[in-house]
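Presented below is the structure to which this report refers.
The values are calculated or read from the model by the stated rules, or taken from the named source; none is laboratory data. Note that this is a predicted model, so its numbers are computed, not measured. Every residue, glycine as well, gets a Cβ built from its backbone with ideal geometry; the counts of neighbours run over all protein chains shown.
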Amino acid sequence: MSHFVPKNFRFSAIYSGIKRDKSREDLALVVSDVPCTAAGVYTQNLVCAAPVTVDRGRTPAEGVRAVVVNSGNANACTGERGVRDAKEMTRLAAECVGAAEEAALVMSTGIIGHFLPMDIVAVGIREAAGLLSSDEAAMVKAARETDMKVQVGTHRRVSPANMAAMEYMKSGKLGKIGSIRAFVNYPGGPGAPTPDTDVPEGLDWDMWCGPAPLLPFNPRMHPRGFRCFLELANGQLGDWGVHWMDQVNWWAGDKQMPKSVSSAGGRFINQDNTDVPDTMHTVFQFDDFVLEWEHRQYAGNGQENHNVGCYFFGTNGVMHVGWTEGCTLYPVAGIKSEPTWHVPHGLHEPDGQNIPELWTDFIQSIESDRLPVCDIDKGYRSTCFSLLGMLSLKIGRSVQWDHDKLCCKNDAEADKLLKREYRKPWVYPEV
């Protein structure tokens, strides 16, 4: 599917021969098609592996293009030769993207005190370069098979109120949950078109558009408004929506995928030059519950006192999992019920998020060798919810999803929308 992998990033993972077990990949390549900012968090030990020595000398930096990762051999306690081998790995990785050696980083994990089999590694890096992909499944696979820890930005999982609500519901206190409604409803109006302008000085618009169509520059697109243009993103459901889909995915144990998805909506109010739907309703059918998505870019949601969030409807009440309102329980009652349980949001100012907690968990996951709380596979699944909803809207009917095969069941027309055509010279990699 399109636009889950960060824009201009590609990934691949292969079995190169470093490990004995041929069933598991042992080398991965992560490439940015444009220079990107990189920073590192390193061990405080006096003794460190060769890749740490190399990377520590190259970060922080603003022009990194590639990271090569291997498992099976940590390249630790290998002296000067180990440092030379680590630098050679970065040279080979950088060569694959036409960059200088210093624009690449290296990471290694595995046994210590053994030299890397550089003849095997060199062939492996070149093979991995030929398989680079922006496909989400390849990204997850690369993380798993090389023991990489990948934290994605579904940071509501570390927000105190959301954590308390999940604990409450998973304990069974809300009873059996059969229906969920996720929503983003804000005030707004028709608006007016914004004229195209010249590209601002210093902005490489061709590179910014990347594999998307080279559109005329418009102030509504850059830097944040791109999400409101379907050639560049996936509208409200693909933007805000993924955070609320992730709350459902979290509650469901990060294991369930919708069997069918059906969307309706359109542009009924907006008259500006964006083209995403201003109204949308999507129904996701699961084995034992139904999820509904709703968004409006007008009218607000004053009648419910909540603009965003998820309502979990259980036999013992309704849980509102929100943002700045925190999380609130409404017990079973008649027309109106007063809250009986509430946890304040616990967010940080000025951004109203919990990003420090996200970074703390990421570092701890590396130190303790566990999956991070916002693991890549969890983010992948939640993003699938959003993109399938948009796919259904675009195709004008419901779709049946087969997550094992990563395709729509017996639906070649829908499958064509699982990826986008890339603008030349960009090429959509096949794996």
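Cβ-Cβ contacts under 7 Å between residues 6 or more apart (or on different chains), taken from a first residue in the stretch 265-277 that is farther than 20 Å from G241 by Cα to a second residue that is of a type in the set (A, V, I, L, M, F, W, C), are listed as Q271/A192; D272/A192.
Here is a yes/no grid of residues against (1) part of a loop (DSSP other than H, G, I, E, B); (2) in contact with a Ser or Thr (Cβ under 9 Å, 6 or more places away or on another chain); (3) in contact (Cβ under 8 Å) with a residue 40 or more places away in the chain; (4) surrounded by 14 or more Cβ atoms within 10 Å (Cβ to Cβ):
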residue: T324; (1), (2), (3), (4): yes, no, no, no
residue: G334; (1), (2), (3), (4): yes, no, no, no
residue: G346; (1), (2), (3), (4): yes, yes, yes, yes
residue: L371; (1), (2), (3), (4): yes, yes, yes, yes
residue: C384; (1), (2), (3), (4): no, no, yes, yes
residue: M390; (1), (2), (3), (4): no, yes, yes, yes
residue: L393; (1), (2), (3), (4): no, yes, yes, yes
residue: K424; (1), (2), (3), (4): yes, no, no, no
residue: V427; (1), (2), (3), (4): yes, no, no, no
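Can you tell me which of H281, H295 is closer than 30 Å to P216 by Cα, modelled with pLDDT of 95 or more, touching a Ser or Thr at 6+ places or on another chain (Cβ under 9 Å) and in a strand (DSSP E or B)? Selected residue: H295, the only one of H281, H295 that is closer than 30 Å to P216 by Cα, modelled with pLDDT of 95 or more, touching a Ser or Thr at 6+ places or on another chain (Cβ under 9 Å) and in a strand (DSSP E or B).
Please tell me if G379 is in contact with a Leu (Cβ under 9 Å, 6 or more places away or on another chain), part of a helix (DSSP H, G or I) and of a type in the set (G, A, S). Criteria not met by G379.
The residues on offer are V123, V140, and the sole one that is in a helix (DSSP H, G or I), of a type in the set (A, V, I, L, M, F, W, C), in the same structural domain as G40 (by TED's automatic domain parsing) and over 18 Å from K19 (Cα atoms) is V140. M207 satisfies every condition listed in (1) under 29 Å from C327 (Cα atoms); (2) in contact (Cβ under 8 Å) with a residue 24 or more places away in the chain; (3) not in a loop (DSSP other than H, G, I, E, B) except (1). In the set (1) surrounded by fewer than 19 Cβ atoms within 10 Å (Cβ to Cβ); (2) touching a residue at least 24 places away in the same chain (Cβ under 8 Å); (3) not assigned by TED's automatic domain parsing to the domain that holds C310, the condition left unmet by L116 is number (1). The condition of being under 27 Å from K419 (Cα atoms), surrounded by fewer than 17 Cβ atoms within 10 Å (Cβ to Cβ), of a type outside the set (G, A, S) and at pLDDT below 95 holds for only one of D275, D254, that being D254.
Being closer than 18 Å to M139 by Cβ and aliphatic (A, V, I, L, M) is true of L27.
Of all residues in the stretch 306-321, how many are surrounded by fewer than 24 Cβ atoms within 10 Å (Cβ to Cβ) and aliphatic (A, V, I, L, M)? Count: 2. Of all residues in the stretch 31-56, those being within 29 Å of the chain's Cα centre (by Cα) and within 27 Å of E80 (Cβ to Cβ) number 11.
Are any residues in the stretch 185-204 among the polar types (S, T, N, Q) and within 30 Å of W323 (Cα to Cα), and if so, which ones? Passing the criteria: only N185. When restricted to residues that are aliphatic (A, V, I, L, M) and outside any loop (DSSP other than H, G, I, E, B), the stretch 9-51 contains 10. Do the conditions hold for L388, that is, is it more than 23 Å from M169 (Cβ to Cβ) and in contact with a strand residue (DSSP E or B) (Cβ under 7 Å, 6 or more places away or on another chain)? So L388 passes the test. Screening K259 against (1) more than 29 Å from P190 (Cα to Cα); (2) within 18 Å of the chain's Cα centre (by Cα); (3) among the basic types (K, R) leaves a single unmet condition, (2). Listed conditions (1) at pLDDT below 95; (2) out of contact with any Gly (no Cβ under 8 Å at 6 or more places or on another chain); (3) in the same structural domain as L237 (by TED's automatic domain parsing) are all met by S133, apart from (3).
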